[in-house]
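Okay, so here's the structure we're looking at.
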Amino acid sequence: MSKIVWKGSAMLAPVPPALVTCGTMKHPNVLTVAWTGIVCTHPPMTYISVRPSRYSYSIINNAREFVINLPTSSMSRITDYCGMKTGAKTNKIEKCHLELSEGSTVSAPVLTQCPVSLECKVCEVRHLGTHTMFLADITAVQVDDKYIDSKGKFNLQQAGLLAYAHGEYFALGRKCGDFGFSVKKKHKNNL
């Protein structure tokens with residue numbers, strides 16, 4: 001296999017196109033963020049990177065909290081819209097008929113239509129160039145109980161989460177394995 005070498009760029013994909021809520025229940029806002037991920041397990045930490053020109057930037061920078069809501073593939077149009085329109089001119093929550101509930105540890109609202117919501121408190125702000133990274137502690141996780149099975153296991157694969165790669169949205173596909181399945185004793189397949 002031969003590869004073509006390009007200059008460094010943001011080519012890591014797919015990523016979750018998260019619907020990030022900020023503000024308060026009385027004055028909420030939502031924006032779509034693709035630059036997010038987990039940075040630490042203990043303590044649980046995440047980040048979002050936001051352009052300073054975005055309307056939500058000052059809300060998050062001042063409040064030092066936000067909620068990362070993971071949308072389903074059926075929410076692709078809403079997710080795209082919330083990334084294309086500004087909260088300075090459009091009430092995206094009202095326009096998209098999004099339902100809000102209160103966060104348990106933050107003032108920022110939670111999107112009830114999303115199967116997973118991570119409540120986050122900013123612990124560090126890093127100005128990186130085109131984007132500012134808000135490094136945050138995950139202070140609570142809200143999950144839709146319809147994805148909890150009779151044994152108490154969270155079956156996120158049934159949620160049909162949305163993925164984003166290079167300007168396109170995708171529905172996540174079929175399950176291919178579980179963590180550690182490649183080294184379990186009962187499997188004799190060679191890698």
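None of the figures in this text is laboratory data; all of them are computed from the coordinates on show. Worth saying up front: this structure is predicted, and the values here are computed from it rather than measured. Ideal geometry is used to build each Cβ from the backbone, glycine not excepted, and the neighbour counts take in all protein chains shown.
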Where chymotrypsin sites (Phe, Trp or Tyr not before Pro) in DSSP loops with at most 11 other Cβ within 10 Å are excluded, longest remaining stretch of the chain: 7-178
Relative contact order %, region 30-90, counting alpha carbon pairs below 8 Å whose residues are six or more apart: 39
Counting alpha carbon pairs within less than 8 Å and at least 6 residues apart, what relative contact order, in whole percent, applies to region 36-143? 33
Quick calc, the chain, dipole around Cα centre from Cβ unit charges on Lys, Arg (+) and Asp, Glu (-), nearest 20 debye, gives 680
Which distance in nm do the two modelled labels at Ile4 and Thr41 give, with both placed 7 Å along the Cα-to-Cβ direction? 3.9
Per the helix-only calculation at 222 nm, which mean residue ellipticity applies to the chain, given -39500 (n - 2.57) for every DSSP H run of n ≥ 4 and division by its residues, nearest 500 deg cm²/dmol? -3000 deg cm²/dmol
Lys and Arg at +1, Asp and Glu at -1: add these up for the other residues within a Cβ distance under 11 Å of Arg64 and post the number. -2
Please give me the summed charge of the neighbours of Trp35: other residues whose Cβ is under 15 Å from its Cβ, Lys and Arg +1, Asp and Glu -1. +3
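For Leu172 and Leu12, what is the calculated FRET efficiency with R₀ set at 22 Å and r taken between the beta-carbons, to the nearest 0.05?
The formula returns an efficiency of 0.85 here.
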A 32 angstrom limit on the alpha carbon distance is what I want to check against. Which of Lys85/Lys151; Lys89/Lys121; Lys26/Lys146; Lys153/Lys184 exceed it? Lys85/Lys151
Counting other Cβ atoms within 10 Å, which GluC sites (Glu not before Pro) in region 14-115 have at most 16 and lie in a DSSP loop? Glu99, Glu102
With the contact rule set at Cα under 8 Å and sequence spacing of 6 or more, what percent relative contact order holds for the chain? 24
